[in-house]
């Protein structure tokens, strides 16, 4: 395949991913708004129970929420404002959503980044040690550790960290670690048993050289796909962890928005989480395809 054909193929692939991202974002935002709109208690507020408010004040509050009565109308107006960079205002926090995301998103990205660094360092190290050393003790230790952590719910693990006064950001690493270790160990073990790897070992090549030249290049596309999935898992786990550990990030903001049935804020948070997840998955897919093409 010549360079021009490769460039056209790459451009077409990127365009397909971008189109899919836009469509899923639109559908995700609408479905998120629908779930909030049909949730029990939507349209009510604590101020409705305040006996100190006059009838005129109560009527003004209800009129301020009337723009959200029609789901289709709300979503069309939301998309119109989104095209102009206006994400609306949070009803419960009384702040622009843009400012809230600007303040909270870096905290969540920091938590997710540290959690993924811990999970990948621990998971990949144990997986490599288990496969390359072929030691039953290392494999048993890693499997038991991953199995125990996999059985503990994210919320319970977050509460244990709060009680122990341990760094809360590390919880995400322990939540993601079992999935990385189990998949990476199985993938590396399957790759290490391939004929070309066995031939390299039979020729007397060292373990490090076999790993770097014969095992990792074959396993790289699947590991990149796992990287995209791990970002999604970490973001999903950030919601209960940040809410329970009182970390001022997107997860805690989503929890407050859900409690307050804050439609404007929840739709934007749905868009943000969906966009981050899709971008991570698309990036890992594109890099995996590039790795396969390079290997061929």
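No value in this document is a laboratory result; all are computed from the given coordinates. Remember, predicted model here, so these are calculated numbers, not experimental data. Virtual Cβ from ideal backbone geometry, glycine too; neighbours counted across all protein chains shown.
Where does each of 75-85, 106-116 land if you order them by average Cβ count within 10 Å, highest first?
Put in order of decreasing packing, that is 106-116, 75-85.
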*In vacuo Debye scattering of region 155-212, one point per C-alpha: log10 I(q)/I(0) at q = 0.22, 0.30, 0.31 Å⁻¹?*
-0.83, -1.11, -1.13
*asked:* Could you list 90, 232 so that the one with the fewest beta carbons within 10 Å of its beta carbon is first and the one with the most is last?
replied: 232, 90
*Starting from one equal scatterer on each C-alpha and no solvent at all, send me the Debye-based log10 I(q)/I(0) for region 145-296 at q = 0.10, 0.11, 0.12, 0.17 Å⁻¹, two decimals.*
-0.50, -0.59, -0.67, -1.01
*Order by neighbour count: 161, 181, fewest other Cβ atoms within 10 Å first, most last.*
161, 181
*What span do the alpha-carbon atoms of region 225-281 cover on each of the three principal axes, reported in whole Å from largest to smallest?*
36, 24, 13
*Kindly state, as a whole number, the per residue volume in cubic angstrom of the convex hull around the alpha carbon atoms of region 92-222.*
142
